[in-house]
Amino acid sequence: MVRYRIRVATGAWAFSGSFNRVQLWLVGERGEAALQLQLRPMRGQVEEFEQDVPEDLGPLQFVKLRKHHSLVDDAWFCDRITVQGPGDSAEAAFPCYRWVQGEGVLSLPEGTARLAGNNTLDVFQKHREKELEERQQIYCWATWKEGLPLTMAASSKDDLPPNARFHEKKKLDFDWTAMAGIMEIAFKYVSSLMSSWNCLEDFDKIFWGQTSTLAEKVHQGWQDDELFGYQFLNGINPMLLRRSTSLPSRLVLPSGMEELRAQLEKELQNGTLFEADFILLDGITANEIQGEKQYLAAPLVMLKMEPSGKLLPMVIQIQPPDPSSPAPPLFLPSDPPLAWLLAKCWVQSSDFHLHELQYHLLHTHLLAEVIAVATMRCLPGLHPVFKLLIPHTRYTMEINTRALTKLVSDGGLFDKVTSIGGGGHVQLMRRALAQLTYRSLCPPDDLADRGLLGIPSALYAQDALRLWEIIARYVEGIIHLFYHEDDVVRGDPELQAWCREITEVGLCQAQNRGFPVSFQSRAQLCHFLTMCIFTCTAQHAAVNKGQFDWYAWIPNAPCSMRMPPPTTKEDISMDTVMGSLPNVFQSCLQMTIAWLLSWSQPDMVPLGHHKEEYFSGSEPKAVLKQFQRDLENLESEIVARNEQLDLPYEYLKPSLIENSVTI
């Protein structure tokens, strides 16, 4: 008889345990043995057993398990199973990390990552082919809107596979927080005792309850040109600003503005002229809310970088020129204060739309879902890239399904609140996808293309580059363990299928925008995987975490404008400003949604600190440990830098970056 020691770990989530009996088998190179266990797994427990089998099974290949039930199928969340064999044989780990339901037999392969083989008799090859066949029946593509990335086929969160759903604690936290937000909206709306605002101070009537230090600073300083410019570098949307290489053709300078032209050309020659162009919004159909027309614009802002690092606006053009109309007015800091303030409000409202739809929803959420679905459809659990990526897909399908069915759906919150709802938001996203390039998702390329490298006051740029480097080293460390040369990359059919699934299927033929349809080298693969992990973690944190900070004070980022853009600087009064800004209901909803979308979650997993052990062996674990040390060192550097700043930039502190898109 040969003795085996078996440890069975059950998830710590609510309802992870099961009252049903679980049967186990060990499968080795020399045979198979059924274990005489009466296992009823308990939540959060590691249960240990010793079992004697008639003969040594040799190197273990699988643990098979079956959950029996008579009346009730009580699902079990199995974390992992480890088995210590006879003598001094190494402990074998069998990662699971999924729900076990029904009475079918589930085979868990030993956790060492393996590439696909050509031997059809190989038991692992048969397993991975069967696994992918089953997964492709479960994880199916769907079209949410024509011309946009494909999504997981689910008309509601209840249609998602159990392993793509929130765990119970996350679900309760999310639902209770949403309910608290709804109650806060109602209370603020009723307590304001107003149907419309009369002056800017009226917004104070709802600026209470949830708050943050930065939100308070925005509240106090939102009218300052310095804070206005700062947001293009380090605010919630640092993705639009670029260094000017020429004066934009749309910037028509009428006679009498020779001094402004000279100033712009001087800054251009010095390399200190920057621009933020919202032309993507031009011609988008504006919303109508409860019979009241809303308005959109496509502004252009020209800014100058001072030696101190401050970025200050020089001129704002709210609308591009129209050949059939007089040249649009140019707004200057020297204009009457309310005219200049209203022009900045139009810019900030436009930035709200581009940020939420292009840089937040499309560039992070929907891209992360394409990566997640393609990974489930094309990469078996034994594949090293699956093991690398799967922690960075946690909860993404459910949070996106909730967003697409509640937030940006027909009749959803965007339709009820924003000037770009009612179909304009889909128009904008289609335009944005047509312009989405592979380079724009990779900070070293994107920041170089936008001329933002080497700017001391560009804190997002600095932190994004450092994180990219750290993630790239981590990815390279893992990939080089399994792909020893470029030929191995080229010859991996599962990997190549995954690449095509993302570019040609999920992203709707994106190869003409620089996305690869195959991987020809280890370097190319590592670059793509770095983009995937950066997008699902750091980039999402950069454009998500600060929504409450910058959007809670409504005039700093109006979700809608209720009067047309001004065509003249004269006669702009406080009534004009207040009539343009969101009404009481819109403001209450914007403030609460901003809080809901950026709150700190109790079950948040920081970047690189997932507890799941998908890899077996010491080498991948050592690479992960080094990744964690690199992140800790960066954290210390950011904390030390922020102590010297009036406005600390914290969105890319590694401890605040979620390991996947979950909110």
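For residue 269, state whether it is loosely packed, with under 14 Cβ neighbours inside 10 Å and at pLDDT 95 or above. Can you show your working first?
Details: loosely packed, with under 14 Cβ neighbours inside 10 Å: yes; at pLDDT 95 or above: yes.
When the stated conditions are applied, residue 269 passes them.
Being among the aliphatic types (A, V, I, L, M) and open to solvent by 30 Å² or more (accessible area, probe 1.4 Å): is that true of residue 113 here?
Details: among the aliphatic types (A, V, I, L, M): yes; open to solvent by 30 Å² or more (accessible area, probe 1.4 Å): no.
So residue 113 does not fit the description; no.
Residue pairs, Cβ under 6 Å, 6 or more apart or interchain, first in segment 592-604 and touching a residue at least 24 places away in the same chain (Cβ under 8 Å), second part of a loop (DSSP other than H, G, I, E, B) and open to solvent by 40 Å² or more (accessible area, probe 1.4 Å). List them.
If the second residue must be part of a loop (DSSP other than H, G, I, E, B) and open to solvent by 40 Å² or more (accessible area, probe 1.4 Å), the pairs left are 595/210; 598/545.
Contact list please: Cβ distance under 7 Å, first residue in segment 196-225 and part of a loop (DSSP other than H, G, I, E, B), second residue of a type outside the set (A, V, I, L, M, F, W, C) and at pLDDT 85 or above, pairs at least six apart or on different chains.
Every condition considered, the pairs that remain are 196/583; 207/219; 212/549; 222/555; 222/556.
Out of the residues in segment 194-223 that are within 30 Å of residue 440 (Cα to Cα) and out of contact with any Pro (no Cβ under 9 Å at 6 or more places or on another chain), state the one that is surrounded by the most Cβ atoms within 10 Å (Cβ to Cβ). So that I can check it myself, show each step before the final result.
The first filter runs over segment 194-223 and keeps only residues within 30 Å of residue 440 (Cα to Cα), leaving 214-215, 218, 222.
Filter once more, so that each one left must be out of contact with any Pro (no Cβ under 9 Å at 6 or more places or on another chain): 215, 218.
Numbers: 215: 22, 218: 24.
The residue in question is 218.
Picking from 17, 44, which residue would you name as being at pLDDT below 95, open to solvent by 40 Å² or more (accessible area, probe 1.4 Å) and either aromatic (Phe, Trp, Tyr) or farther than 20 Å from residue 110 by Cα (or both)?
Working: 17 fails: open to solvent by 40 Å² or more (accessible area, probe 1.4 Å).
Residue meeting the stated conditions: 44.
In the list 50, 29, 133, 103, which residue meets the criterion of being in contact with a Pro (Cβ under 7 Å, 6 or more places away or on another chain) and either more than 17 Å from residue 8 (Cα to Cα) or open to solvent by 30 Å² or more (accessible area, probe 1.4 Å) (or both)? Reasoning before the result, please.
On the way: 50 fails: in contact with a Pro (Cβ under 7 Å, 6 or more places away or on another chain); 133 fails: in contact with a Pro (Cβ under 7 Å, 6 or more places away or on another chain); 103 fails: in contact with a Pro (Cβ under 7 Å, 6 or more places away or on another chain).
Just a single option satisfies the conditions, and that option is 29.
I'm trying to understand the selection: among the residues of segment 111-145, which are farther than 30 Å from residue 618 by Cα and either outside the structural domain of residue 365 (by the TED database) or touching a residue at least 12 places away in the same chain (Cβ under 8 Å) (or both)?
Start the filter on segment 111-145 by keeping residues that are farther than 30 Å from residue 618 by Cα, which leaves 133-134, 136-145.
If the condition is that a residue be farther than 30 Å from residue 618 by Cα and either outside the structural domain of residue 365 (by the TED database) or touching a residue at least 12 places away in the same chain (Cβ under 8 Å) (or both), then 136, 138, 139, 140, 141, 142, 144, 145 are the ones that fit.
Name the residue that is surrounded by the fewest Cβ atoms within 10 Å (Cβ to Cβ), counting only residues in segment 253-263 that are free of Cβ contacts under 8 Å to residues at least 24 places away in the same chain and assigned to a loop (DSSP other than H, G, I, E, B).
Of segment 253-263, the ones free of Cβ contacts under 8 Å to residues at least 24 places away in the same chain are 255-256, 258-259, 261-262.
Imposing the further condition that a residue be assigned to a loop (DSSP other than H, G, I, E, B) reduces the set to 255-256.
On the way: 255: 5, 256: 7.
This residue is 255.
Can you pull out the residues in segment 505-521 that are crowded, with 18+ Cβ neighbours inside 10 Å and either assigned to a helix (DSSP H, G or I) or under 20 Å from the mean Cα position of the chain (by Cα) (or both)?
Residues satisfying the conditions are 505, 506, 507, 510, 515.
Could you check segment 485-504 and list, in sequence order, the residues that are in a loop (DSSP other than H, G, I, E, B) and within 22 Å of residue 129 (Cα to Cα)? Walk me through how you get there before you give the answer.
Pass one, segment 485-504, residues in a loop (DSSP other than H, G, I, E, B): 485, 491-492.
Listed by number, the residues that qualify are 491, 492.
Can you tell me how many residues in segment 371-388 are basic (Lys, Arg) and over 16 Å from residue 161 (Cβ atoms)?
First pass over segment 371-388, keeping only residues basic (Lys, Arg): 377, 387.
Add one more test, that the residue is over 16 Å from residue 161 (Cβ atoms), and what stays is 387.
Counting residues in segment 371-388 that are basic (Lys, Arg) and over 16 Å from residue 161 (Cβ atoms) gives 1.
Quickly run through segment 138-176 and pick out the residues that are open to solvent by less than 60 Å² (accessible area, probe 1.4 Å), among the hydroxyl-bearing types (Ser, Thr, Tyr) and touching a Leu at 6+ places or on another chain (Cβ under 9 Å).
151
Would you check which residues across segment 228-247 are surrounded by 15 or more Cβ atoms within 10 Å (Cβ to Cβ) and not in a helix (DSSP H, G or I) and list them? Outline the logic, then answer.
Residues of segment 228-247 surrounded by 15 or more Cβ atoms within 10 Å (Cβ to Cβ): 228-244, 247.
Across segment 228-247, the qualifying residues are 235, 236, 237, 238, 239, 240, 241, 242, 243, 244, 247.
Check segment 48-59 and report whether any residue there is over 23 Å from residue 610 (Cβ atoms), without any contact (Cβ under 8 Å) to a residue 12 or more places away in the chain, outside any loop (DSSP other than H, G, I, E, B) and not charged (D, E, K, R). Steps first, please.
Here is the first cut: in segment 48-59, the residues over 23 Å from residue 610 (Cβ atoms) are 48-59.
Pick out the ones that are also without any contact (Cβ under 8 Å) to a residue 12 or more places away in the chain and you get none.
The answer is no; no qualifying residue exists.
Condition check: charged (D, E, K, R) and in the same structural domain as residue 451 (by the TED database). Does residue 335 satisfy that?
Working: charged (D, E, K, R): yes; in the same structural domain as residue 451 (by the TED database): no.
Judged against the criteria, residue 335 is not a match.
To keep it simple, each residue is scored yes or no on (1) touching a helix residue (DSSP H, G or I) at 6+ places or on another chain (Cβ under 7 Å); (2) surrounded by 20 or more Cβ atoms within 10 Å (Cβ to Cβ); (3) of a type outside the set (Ser, Thr, Tyr).
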| position | (1), (2), (3) |
| --- | --- |
| 291 | no, no, yes |
| 320 | yes, yes, yes |
| 337 | no, no, yes |
| 356 | no, yes, yes |
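Within segment 293-312, which residues are open to solvent by 10 Å² or more (accessible area, probe 1.4 Å) and closer than 17 Å to residue 264 by Cα?
First, the residues of segment 293-312 that are open to solvent by 10 Å² or more (accessible area, probe 1.4 Å): 293, 295-296, 304-310, 312.
Answer for segment 293-312, where residues must be open to solvent by 10 Å² or more (accessible area, probe 1.4 Å) and closer than 17 Å to residue 264 by Cα: 304, 305, 306, 307, 310, 312.
For segment 396-429, enumerate the residues that are of a type in the set (D, E, K, R) and farther than 23 Å from residue 346 by Cβ.
398, 402, 406, 410
Please give the number of the condition residue 620 fails out of (1) over 21 Å from the mean Cα position of the chain (by Cα); (2) more than 30 Å from residue 79 (Cβ to Cβ); (3) not basic (Lys, Arg).
The number of the failed condition is (2).
Say whether the condition of being in the same structural domain as residue 458 (by the TED database), within 22 Å of the chain's Cα centre (by Cα), at pLDDT 95 or above and closer than 19 Å to residue 413 by Cα is met by at least one residue in segment 633-643. Full working, then the answer.
Of the residues in segment 633-643, the ones in the same structural domain as residue 458 (by the TED database) are 633-643.
Checking the rest, the ones that are also within 22 Å of the chain's Cα centre (by Cα) come to 634-635, 638.
Still in the list and also at pLDDT 95 or above: 634-635, 638.
Subset that is closer than 19 Å to residue 413 by Cα: none.
No.
Only residues in segment 237-252 that are under 10 Å from residue 274 (Cβ atoms) count as the first member; pair them with residues that are open to solvent by 60 Å² or more (accessible area, probe 1.4 Å), Cβ under 9 angstrom, at least 6 apart or cross-chain, and list the lot.
Note: pairs meeting the criteria are 242/449.
Restricting attention to segment 64-100, report how many residues are part of a strand (DSSP E or B) and surrounded by 14 or more Cβ atoms within 10 Å (Cβ to Cβ). Working first, answer last.
Pass one, segment 64-100, residues part of a strand (DSSP E or B): 64-68, 76-84, 92-100.
So of that shortlist, the ones also surrounded by 14 or more Cβ atoms within 10 Å (Cβ to Cβ) come out as 64-67, 76-84, 92-100.
Here the count works out to 22.
Report those helices (runs of 4 or more DSSP H) wholly inside segment 309-415 carrying at least 1 residues which are in contact with a Lys or Arg (Cβ under 7 Å, 6 or more places away or on another chain), charged (D, E, K, R) and farther than 17 Å from residue 148 by Cα. Lay out the reasoning, then the answer.
Working: elements: 337-353, 367-378, 384-389, 396-402.
Per the criteria, 367-378, 396-402.
Yes or no: segment 211-218 includes at least one residue that is within 21 Å of residue 310 (Cβ to Cβ) and small (Gly, Ala, Ser).
No, segment 211-218 contains no residue that is within 21 Å of residue 310 (Cβ to Cβ) and small (Gly, Ala, Ser).
Restricting to segment 264-306, count the residues that are part of a strand (DSSP E or B) and of a type in the set (Lys, Arg).
Here is the first cut: in segment 264-306, the ones part of a strand (DSSP E or B) are 273-277, 288-289, 292-293, 295, 300-305.
Cutting the leftovers down to of a type in the set (Lys, Arg) gives us 293, 304.
Within segment 264-306, residues that are part of a strand (DSSP E or B) and of a type in the set (Lys, Arg) number 2.
Give all pairs with beta carbons closer than 8 Å in which a residue from segment 469-481 that is in a helix (DSSP H, G or I) meets a residue that is surrounded by fewer than 16 Cβ atoms within 10 Å (Cβ to Cβ); count only pairs at least 6 apart in sequence or on separate chains.
From residues that are in a helix (DSSP H, G or I), the pairs are 473/626; 474/626; 477/626; 481/619.
Kindly indicate whether residue 441 is touching a helix residue (DSSP H, G or I) at 6+ places or on another chain (Cβ under 8 Å) and open to solvent by less than 20 Å² (accessible area, probe 1.4 Å). Full working, then the answer.
Working: touching a helix residue (DSSP H, G or I) at 6+ places or on another chain (Cβ under 8 Å): yes; open to solvent by less than 20 Å² (accessible area, probe 1.4 Å): yes.
It is true that residue 441 is touching a helix residue (DSSP H, G or I) at 6+ places or on another chain (Cβ under 8 Å) and open to solvent by less than 20 Å² (accessible area, probe 1.4 Å).
The values are calculated or read from the model by the stated rules, or taken from the named source; none is laboratory data. Keep in mind that what you see is a predicted model, and the values were worked out from it rather than measured. Cβ: placed from backbone, ideal geometry, glycine included. Neighbour counts: every protein chain shown. Just so you know, the surface numbers come from the protein's heavy atoms only, side chains and all, with ligands and any DNA or RNA stripped out. Shrake-Rupley method; radii C 1.70, N 1.55, O 1.52, S 1.80 Å.
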